[in-house]
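K.L.:
Below are the structure tokens for one structure; questions will follow.
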Amino acid sequence: EAAPAGGGDAPPAGVYVYATTGYEQVDALTGSRHDYPEETTGTLTAAEGGCLRWRWEPLRQRWDEELLCPADGGAWARPETALFHSFFNQDEIRAYECTGDPYVPPPDAEPGTTFAWTCDSPGSEHSGDSHEDGTGEVVGVESVEVDGVERDALRVHYETAVSGDSTGGGELEVWYSLDRWPLVLRQVREGGNASETVIGTVNYEEAYELMLTAWDPLR
């Protein structure tokens, strides 16, 4: 397990199950849509330096992975993040390196606290480079019900704007557990982008909601 970094104990490593609604789709060729299953998993593993690696994988054709590392005051920096998509049997991994303020604010951050970061990706064999400007704002402490128990969580609102060969943006709401900081109890995302590819401009769209179904992970 990672060392606690404020906000209670660090979450135990393992596989967390989320009740899920949502989809992703592209308009290329005849169009393609992936509906996410009713349950998806997020896997938390310990990494070097007290860091945590988080991977959400709703489908074989879709996953997100991010590295979170302890920062001052119980905050967590996110130096690396990667996204995987596969449409029409074309796999694409887009990896980003990020700098700026910590991605997860301290657990005792006051409502209205704002922060910002940037991420850059060299692109992939299917699309060019992209630059992400992100901002976050602490909404405040709210209650999230997990398996019949109310859990305190810090709600954070994120907005991103993507430029470069891919353009677009999105909004994200995350509720981080104050008892197992920074375990995600609930997450809501909506966003999309337009990418220049060998077959022209491809528009991508994604929307989903995740709700943790059990406090303890599968081992």
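The values are calculated or read from the model by the stated rules, or taken from the named source; none is laboratory data. Fair warning: this is a prediction, and the values are worked out from it, not measured in the lab. All Cβ positions, even for glycine, are placed from backbone atoms using ideal geometry, and neighbour counts span all protein chains on display. Accessible surface areas use protein heavy atoms only, side chains included; no ligands, DNA or RNA. Shrake-Rupley method; radii C 1.70, N 1.55, O 1.52, S 1.80 Å.
K.L.:
Excluding ligands, DNA and RNA, what is the solvent-accessible area per residue of region 132-185 at a probe of 1.4 Å, expressed in Å²?
P.N.:
Normalised by residue count, the accessible surface of region 132-185 is 40 Å².
K.L.:
Hey, another quick one. For region 49-93, give the percent of accessible area contributed by carbon and sulfur heavy atoms, probe 1.4 Å, rounded to a whole number.
P.N.:
47 percent
K.L.:
Calculate the FRET efficiency for Thr201 and Thr45 from the Cβ-Cβ distance with a Förster distance of 45 Å, rounded to the nearest 0.05.
P.N.:
After rounding to 0.05, the efficiency reads 0.75.
K.L.:
By per-residue mean of other Cβ atoms within 10 Å, what is the highest-first order of 67-77, 15-25, 192-202?
P.N.:
67-77, 15-25, 192-202
K.L.:
For region 73-117, what's the radius of gyration and Dmax over Cα atoms, in angstrom?
P.N.:
Looking at region 73-117, its Cα Rg and Dmax stand at 15.1, 46 Å.
K.L.:
Work out from phi, with θ = phi - 60° and the Karplus expression 6.51 cos²θ - 1.76 cosθ + 1.60, the ³J(HN,Hα) of each residue of region 98-110, listed in order in whole Hz, and give x for Gly and Pro.
P.N.:
For region 98-110, the Karplus-derived couplings read 10, 9, x, 5, x, 6, 9, x, x, x, 9, 4, 6 Hz, x marking Gly and Pro.
K.L.:
Another one. Per the 1.4 Å probe, what fraction of the accessible area of region 178-219, in percent, lies on carbon and sulfur atoms?
P.N.:
50 percent
K.L.:
Applying 1/(1 + (r/R0)^6) with R0 = 30 Å to the Cβ-Cβ distance of Glu97 and Val149, what FRET efficiency is obtained, to the nearest 0.05?
P.N.:
Computed FRET efficiency for Glu97 and Val149: 0.20.
K.L.:
Tell me, what is the per residue accessible area of region 36-127 in Å², probe radius 1.4 Å?
P.N.:
50 Å²
K.L.:
With a cut-off of 8 Å between alpha carbons and a minimum separation of six or more residues, what is the relative contact order of the chain in percent?
P.N.:
Normalised by residue count, the contact order of the chain is 20 percent.
K.L.:
A follow-up question, please. Taking 0.36 nm per residue of separation and subtracting the Cα-Cα distance, what length does fully extending Asp9 through Glu190 add?
P.N.:
62.1 nm
K.L.:
Taking the Cβ-Cβ separation of Arg60 and Glu142 as r and a Förster radius of 35 Å, what is the calculated FRET efficiency to the nearest 0.05?
P.N.:
Rounded to the nearest 0.05, the efficiency is 0.55.
K.L.:
Next question, about the same structure. List the residues of region 175-196 whose backbone N lies under 14 Å from a point placed 7 Å from the Cα of Leu218 along the Cα-to-Cβ direction.
P.N.:
Nothing falls inside the zone, counting backbone N under 14 Å.
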